[in-house]
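> Input: one structure, supplied below.
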Amino acid sequence: MNLALFDFDGTISTCDTFTPFIKKVVPRAKLRLGYLLLLPSILAYRAGVLSGSAIRQQVVFFGLKGISKTHLDKLGKAHADTFLNRVIRPQALARIRWHLNSGDRVIVVLASLDSYLKPWCERLGVELICNELAAKGDILTGKYDGGDCSGSEKARRVQALVNLEDYSTVYAYGDTVEDNELLAIADEKYFQWQKIAA
């Protein structure tokens with residue numbers, strides 16, 4: 001049996017899926033206020049001074065704190081059923097199905113939200129490692145449960161879940177520097193759908 005590890009945004013999808021989800025679920029007035037308050041961070045991110053991980057966590061804290069998790073999960077399922085289906089790369093879907101049909105274990109690993117990724121992965125029959133939102137009761141705290149799943153954390157979480165030695169070949173697919181550590185633990189590596197040297 002082989003193991004296939006897939007990043008999602010930009011690898012399985014053609015675009016970022018986090019920002020469209022935030023824009024859909026956060027009220028318009030709060031979005032406008034958040035843009036003003038987070039403008040220095042947004043500019044720092046665009047200038048390459050602030051990491052994607054840091055800006056995402058600020059957006060989640062401001063935008064989602066205090067929201068019902070049950071309600072957000074309903075919105076997430078709708079996002080998976082509509083938006084995600086429009087931005088999935090046919091090449092990626094075919095490759096995932098090839099792995100599944102070959103009897104491989106497939107895990108999607110990324111730094112976005114379980115609210116909309118979980119229903120998509122469940123429907124396809126693949127596993128998911130991603131950012132899970134922390135809650136007190138049903139109310140979101142605005143923080144991640146277990147930290148941000150980006151960069152080296154992607155590889156760490158995979159290795160905490162599976163023993164890589166149990167698999168004949170480990171495949172990994174990514175598209176940005178945030179995927180470098182994930183690619184590093186694989187035997188066959190694909191960056192932006194191009195096979196790279198082991």
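> Report, by chain and number, residues whose modeled amide H sits under 5 Å from the one on residue 4, excluding near sequence neighbours (fewer than 5 apart, same chain).
105, 106, 107, 171
> For residue 149, what residues show an amide H to amide H distance below 5 Å, using hydrogens built from the backbone and excluding near sequence neighbours?
131
> Per the Debye formula with a single identical scatterer at each Cα and no solvent contribution, what log10 I(q)/I(0) holds for the chain at q = 0.10, 0.15 Å⁻¹?
-0.42, -0.94
> Follow-up question, since we're still on this one. How much mean residue ellipticity at 222 nm does the chain get from its helices, if each DSSP H run of length 4 or more adds -39500 (n - 2.57) and you divide by all residues, to the nearest 500 deg cm²/dmol?
Value at 222 nm, helices only: -13500 deg cm²/dmol.
> Note down the Stokes-Einstein diffusion coefficient of segment 62-120 in µm²/s, whole number, using a Kirkwood radius over alpha carbon pairs, 10 °C, and 1.306 mPa s.
This corresponds to a translational diffusion coefficient of 120 µm²/s.
> Using a cut-off of 10 Å between beta-carbons, work out the net charge of the residues near residue 189 (Lys and Arg +1, Asp and Glu -1, residue 189 not included).
Residues near residue 189 contribute -2 overall.
> Quick check for you: which residues of segment 113-132 have the amide N under 17 Å from the point 7 Å beyond the Cα of residue 81 toward its beta carbon?
Counting backbone N atoms under 17 Å from the label point, the list is 115-124.
> Which helices, counted as full DSSP H runs in the chain, have an axial Cα extent of no less than 20 Å and a Kyte-Doolittle average of -1.0 or above? It would help to have the intermediate numbers written out before the result.
On the way: long enough: 28-46 (23 Å, 0.63).
Span-like helices in the chain: 28-46.
> Between segment 140-165 and segment 97-119, what's the alpha-carbon centroid distance in Å?
If you average the Cα positions of each part, the centres end up 14 Å apart.
> What residues qualify as long-range amide H neighbours of residue 128, i.e. H under 5 Å apart, gap of 5 or more or another chain, H built at 1.01 Å from N?
Amide H to amide H, under 5 Å and 5 or more residues apart or across chains, residue 128 pairs with 108.
Computed from the coordinates by the stated procedures, all read-outs in this text should not be read as laboratory data. Keep in mind it's a predicted model, so treat the numbers as computed, not measured. Here the Cβ is made from the backbone with ideal geometry for all residues, glycine too, and neighbour counts use every protein chain on show.
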